[in-house]
Amino acid sequence: MFRVLKLRRSTRTLLEYNNTTNSSSLQSITTQTSSSSFSPNPNTNFLRAFCTAPSSSTSAKDKEIRKYIGYGALMIGCGVATYYSFPFPEDAKHKKAQPFRYAPLPDDLHTVSNWSGTHEVQTRVFLQPENLEELEKIVKESNDKGQKIRPVGSGLSPNGIGLLRAGMVNLALMDKVLEVDKQKKTVRVQAGIRVQQLVDGIKEHGLTLQNFASIREQQIGGIVQVGAHGTGAKLPPIDEQVISMKLVTPAKGTIEISKEKDPELFYLARCGLGGLGVVAEVTLQCVDRQELVEHTFVSNMTEIKKNHKKWLTDNKHLKYLWIPYSETVVVVTCNPVSKWRGPPKFKTKYGKDEALQHVRDLYLELGKKYRIGETAAKSSEGEEPDINELSFTELRDKLLALDPLDTDHVIKVNQAEAEFWRKSEGYRVGWSDEILGFDCGGQQWVSENCFPAGSLAKPSMKDLEFMEELQKLVESKGIPAPAPIEQRWTARSKSLMSPASSSVEDDIFSWVGIIMYLPTSDARQRKEITEEFLNYKHLTQKQLWDKYSAYEHWAKIEVPKDKDELVAVQERLRKRYPVDAYNKARRELDPNKILSNAMLEKLFPLS
């Protein structure tokens, strides 16, 4: 009502204005119309004057219209120019969207990411010396300039512990076996050599490494510095195999350390996180090359409780693969082939295809449910994968990619995995470097903790209590936790910064890793999986870590963003490790902090 009255007043005002200011025009109009019988009325005069008489209001309106027409033409022109400047291929509508780059990266800019794609940096300083002399020159010049050069290995650490935007040094070109002492069973190598290269290089001498991690692509320098491990309650982490090392330091140049020569620094630097110097050469204690028998079978918690102590002491290598939301526990043991009995004569009940068929059937069944046009079950190239050519871990990734955060869906996939392992029971014989590997699957988030589990003579059974609580936590919170939760054991390490560090020779430690896969390249979905995993990790941390004195693997620890949480982590690390001694060595060997990155400086602040 108010708007109508306002409009009437505005019309009356405009009429009066036109009558007074345009009298000449109106008189002309009256004269022209008087010759006819038609008598103009006020309404007619108003309408004609409003439509024909020029006014400042009409002029302003025309300007506005012309302005917006100009804007529209400009936008259309820009759109046409953009379309023809960046033409789409004919099949663009069938392809997955890719991130748009405004310009190609400069030639001198290196993109370095870890294997899981969870951490990435771009740097213009990525140095790869070919020998010790070049490495020494790089470290000296960088220290003089204050140029950061963080040591980085193969980039396999889930947390990207070796990454630094300011600069990195990588020893991939220093990958030679320098000396083999067959009698002492030792080997001296350049630190950039990968585990598989090393094993292949010494097998002709009848030697191999005492233990292996799950994969073989790590550089020796990196696998030692982060305290990596294999499994076996009688076998220590891999850093314990190091009997001497050559360290290139910013302040003191190249130094050689061992348990005889500067033992205090040796035990500190052996698992030094790349913060005390660049590991250039390593001498390792090896063992005779031997064949192993791997036995895989399915068990459950009740049976494990009855046999756990015996299995720990009787088997050289032992691990459990726990399947969440299931009673199934996969037990894997590895032992040397008996010289008298030879390998076991055992015929598997199911072939490889039979073991995988249940998983394939589930993939086809769920694929129909989730498939709408172009489905997530298709490969990144837009072609349907041939499921008969996929391994189990590849099939699992495809299944999880359909709905990775739906708990009911993940349970179905876990049940399929349990069935796969039931049909995969049996024996396998091979050399230790072939047998002890483990297909970890595709890209993933991992959090692995190490905690004391008593002694070899008297296991505490805390390792099984930990797993019982973890399983209950997963089920009570409805966490979409995929399989497996891997549990392994090692003997103690004398390296002061190792999570398995202990002064008691008979101590044993359990290592438990929780996981969430990243089976998709979709950034939004990867972010959602990451958030769910961090919640999963936070729940385990809150309920289990302090209770069991559990500390994270150095290659899997993530620095919290919250300041209070970071302070809590720093205080917690101080309770477990000789942080003051470690920082003192950092000040002496790397006073300008050219080897440190943000992770190291936040976990172990020098100020």
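The values are calculated or read from the model by the stated rules, or taken from the named source; none is laboratory data. As the structure is a prediction and not an experimental result, all values here were calculated from the model. Here Cβ is always computed from backbone atoms with ideal geometry, including for glycine, and neighbour counts include all displayed protein chains. All accessible areas refer to the heavy atoms of the entire protein, side chains included, with ligands and DNA or RNA removed. Shrake-Rupley method; radii C 1.70, N 1.55, O 1.52, S 1.80 Å.
Here are the numbers for this structure:
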| read-out | value |
| --- | --- |
| Tally of residues being surrounded by 16 or more Cβ atoms within 10 Å (Cβ to Cβ) and touching a helix residue (DSSP H, G or I) at 6+ places or on another chain (Cβ under 9 Å) across segment 259-284 | 17 |
| Flag if E552 is under 30 Å from L400 (Cα atoms) and open to solvent by less than 70 Å² (accessible area, probe 1.4 Å) | yes |
| Of all residues making up segment 242-279, the number that are assigned to a strand (DSSP E or B) and out of contact with any Phe, Trp or Tyr (no Cβ under 9 Å at 6 or more places or on another chain) | 11 |
| Index of the failed condition, G478 passing every other in (1) on the phi < 0 side of the Ramachandran plot; (2) in contact (Cβ under 8 Å) with a residue 60 or more places away in the chain | (1) |
| Qualifying residues in segment 549-607 (those that are hydroxyl-bearing (S, T, Y) and in contact with a strand residue (DSSP E or B) (Cβ under 9 Å, 6 or more places away or on another chain)) - the one farthest from S447 (Cα to Cα) | S596 |
| Subset tally (residues that are free of Cβ contacts under 8 Å to residues at least 60 places away in the same chain, within 21 Å of Q225 (Cα to Cα) and in a loop (DSSP other than H, G, I, E, B)) for segment 176-212 | 3 |
| Hits in segment 442-497 - residues which are within 20 Å of P236 (Cα to Cα), assigned to a loop (DSSP other than H, G, I, E, B) and not hydrophobic (A, V, I, L, M, F, W, C) | K458, S460, R492, K494, S495 |
| Enumeration of residues in segment 448-479 that are among the hydroxyl-bearing types (S, T, Y) and either in contact with a Ser or Thr (Cβ under 7 Å, 6 or more places away or on another chain) or open to solvent by 60 Å² or more (accessible area, probe 1.4 Å) (or both) | S476 |
| Given (1) closer than 23 Å to D314 by Cα; (2) within 23 Å of the chain's Cα centre (by Cα); (3) among the hydroxyl-bearing types (S, T, Y), number of the condition T407 does not satisfy | (1) |
| When residues of segment 136-158 are limited to those that are touching a Ser or Thr at 6+ places or on another chain (Cβ under 8 Å) and crowded, with 23+ Cβ neighbours inside 10 Å, the one farthest from T111 (Cα to Cα) | V139 |
| Answer from A491, A500 - the residue that is in contact with a Ser or Thr (Cβ under 8 Å, 6 or more places away or on another chain), closer than 29 Å to V293 by Cβ and surrounded by 19 or more Cβ atoms within 10 Å (Cβ to Cβ) | A500 |
| Test: residue in segment 122-135 that is open to solvent by less than 60 Å² (accessible area, probe 1.4 Å), modelled with pLDDT of 90 or more and assigned to a helix (DSSP H, G or I) | yes |
| Unmet criterion (only one of (1) touching a Pro at 6+ places or on another chain (Cβ under 6 Å); (2) open to solvent by less than 30 Å² (accessible area, probe 1.4 Å)) for P560 | (1) |
| First in segment 408-434 and in a helix (DSSP H, G or I), second anywhere and among the charged types (D, E, K, R) and surrounded by 18 or more Cβ atoms within 10 Å (Cβ to Cβ), Cβ under 6 Å, 6 or more apart | H409/D403 |
| Residue in segment 316-329 that is touching a residue at least 24 places away in the same chain (Cβ under 8 Å), assigned to a helix (DSSP H, G or I) and surrounded by 12 or more Cβ atoms within 10 Å (Cβ to Cβ) present | no |
| First in segment 596-607 and modelled with pLDDT under 95, second anywhere and of a type outside the set (A, V, I, L, M) and open to solvent by 60 Å² or more (accessible area, probe 1.4 Å), Cβ under 8 Å, 6 or more apart | L606/R587; L606/K593 |
| Residue identified as open to solvent by 10 Å² or more (accessible area, probe 1.4 Å), in contact with a helix residue (DSSP H, G or I) (Cβ under 8 Å, 6 or more places away or on another chain) and of a type in the set (D, E) among E217, E240, E204 | E217 |
| Test: residue in segment 165-188 that is of a type in the set (D, E), farther than 17 Å from Q241 by Cα and open to solvent by 60 Å² or more (accessible area, probe 1.4 Å) | no |
| Residue pairs meeting the criteria (Cβ under 7 Å; at least 6 apart or on separate chains; first without any contact (Cβ under 8 Å) to a residue 60 or more places away in the chain, in segment 553-570; second in a loop (DSSP other than H, G, I, E, B) and open to solvent by less than 30 Å² (accessible area, probe 1.4 Å)) | L566/P560; V569/P560 |
| Residue among V282, V224, V293 that alone is closer than 25 Å to V169 by Cα, in a strand (DSSP E or B) and out of contact with any His (no Cβ under 8 Å at 6 or more places or on another chain) | V282 |
